[in-house]
Amino acid sequence: MKTLHRIHSFAAATRVITVGVGILSYLATGSYDSSAEIQLAPSSWAEHCLVSLLRWDALYFNHIGQHGYVYEQEHAFFPGIPLLARMLAKTVLLPLPMQEQGRILLGGVLIANVCFVLAAGMLYRLTSAIQPRLAFVSAIAFCLSPPAMFMSSMYMESPFALLSFTGMWLYTQNKYLLAALIWCFASAIRSNAIVYAGFFIYDLVLQKRSLIGMMRAILYSMITMGGFAMVQYFGYHQFCATGDRPWCNKTLPLLYSFVQKYYWNNGFLAYYEIKQIPNFLLAMPIISLTIKGLWHYAQSVNGFYTLGLGQNTPADTKKLLPFLYLWGFLLAYATTCMHVQVIIRFFTSLPPLYWITAQIWMDGFKKSASNQQQWLAQGVLSYYVLYGLVGIVLFAAFLPPA
């Protein structure tokens, strides 16, 4: 309990610093883009400070929270956070002398920061169940996540990380139904939660290899995807019941897939253009860290190349392997089908990223560390801290990266 308290306290301190630096930076330098000021139209000192957190995707989430889904392209942003923020604005935050959109933004910011603190503790519990030696340092690494301001504004990263880690911890405790229910909520916040169905397929189909296991895996997978399915049904009902959009007549009419490709230019190798080279360079530290981590585990974990199906594969390894396969799969997906710089915040909900970071720091900062280990540990720590600080200032000024 003392360790959890230390982690929660450190996580809360990093959020106070992040938001504080962001607000001070905005008050000192202003904003490059006036979209946030136009949407929020701050009428009080509190709202003027809050506007520093209304950037990029947060503009969409705040608009959805106030008006619902008005435009088709808004369906790239899932309703979980806007709905919760709106509920807070209509109840707990209602007495505050602020406009509705200001209270919705404040609600979203509070949700993000509370979820961040809880997520740090949940990552500690999850890691304690799989790699206990790395648990504390992994949680500290999460608290220093490079996309600091995105984790503290009205974004889905922190709530999604909390739901992801919670479901993963329940999975390690063999509480599959509860894990599926948690991930169902996660898939109503961000679409990539549907890949968590792979945990059930790995454990109940590949490992147990029974008909009952297969049926349970199908059931839990359907529950996991339920949140995503409900969001897609809402979009279909909104646009296809009274209109005829081009995606409505597809065999699988997924509004989310259409919006991502048509409005945001996401798709296989769609981002592979000369002009995007700076964004690939921006993403390279996380990509490199992931490749190093996968290589480290491939060399050190028995059963990595055989899916852990061998009879001699230890039980703790079987718990670890699906996390590594998920990490590798999402690396391939992020580098080929997404705006690649988004990987920096896309990976904030992946525990192995913090595990390899913790391993590097623990190896590099011990007395017997080699020069190479020391340089690597210092380099990774510097990246985490410096990218986070610079990112706060750029975010507050409404400047890339987004």
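The values are calculated or read from the model by the stated rules, or taken from the named source; none is laboratory data. Since this is a predicted model, take the numbers as computed values, not measurements. Glycine gets a Cβ as well: all are built from the backbone with ideal geometry, and neighbour counts include every protein chain shown.
Overview of values
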item: Subset of the stretch 236-274 that is among the basic types (Lys, Arg) and over 22 Å from the mean Cα position of the chain (by Cα) - its residue that is surrounded by the most Cβ atoms within 10 Å (Cβ to Cβ); result: Arg245
item: Qualifying residue in the stretch 121-136 (condition: among the small types (Gly, Ala, Ser), crowded, with 24+ Cβ neighbours inside 10 Å, at pLDDT 95 or above and in a helix (DSSP H, G or I)); result: no
item: Only one of Arg209, Arg190, Arg125 that is within 30 Å of Leu105 (Cβ to Cβ) and of a type in the set (D, E, K, R); result: Arg190
item: Test result for Pro95, out of contact with any helix residue (DSSP H, G or I) (no Cβ under 8 Å at 6 or more places or on another chain) and either surrounded by 21 or more Cβ atoms within 10 Å (Cβ to Cβ) or without any contact (Cβ under 8 Å) to a residue 60 or more places away in the chain (or both); result: yes
item: Elements of type helices (runs of 4 or more DSSP H) contained in the stretch 1-65, each with 2 or more residues being closer than 30 Å to Thr127 by Cα; result: 2-29
item: Matching entry among Leu282, Leu269, Leu211, Leu252 (being at negative phi and in contact (Cβ under 8 Å) with a residue 12 or more places away in the chain); result: Leu282
item: Of residues in the stretch 167-199 being part of a helix (DSSP H, G or I) and touching a Pro at 6+ places or on another chain (Cβ under 8 Å), the one surrounded by the most Cβ atoms within 10 Å (Cβ to Cβ); result: Met168
item: Filter result for Thr336 (surrounded by fewer than 20 Cβ atoms within 10 Å (Cβ to Cβ), part of a helix (DSSP H, G or I) and out of contact with any Cys (no Cβ under 9 Å at 6 or more places or on another chain)); result: yes
item: Filtered residues of the stretch 23-62 (kept if under 26 Å from Arg245 (Cα atoms) and touching a helix residue (DSSP H, G or I) at 6+ places or on another chain (Cβ under 7 Å)); result: Leu59, Tyr60, Phe61, Asn62
item: Count of residues meeting criterion [touching a Leu at 6+ places or on another chain (Cβ under 9 Å) and over 22 Å from Ala358 (Cα atoms)] in the stretch 286-313; result: 5
item: Residue check for Gln238: under 18 Å from Ala186 (Cα atoms), in a helix (DSSP H, G or I) and polar (S, T, N, Q); result: no
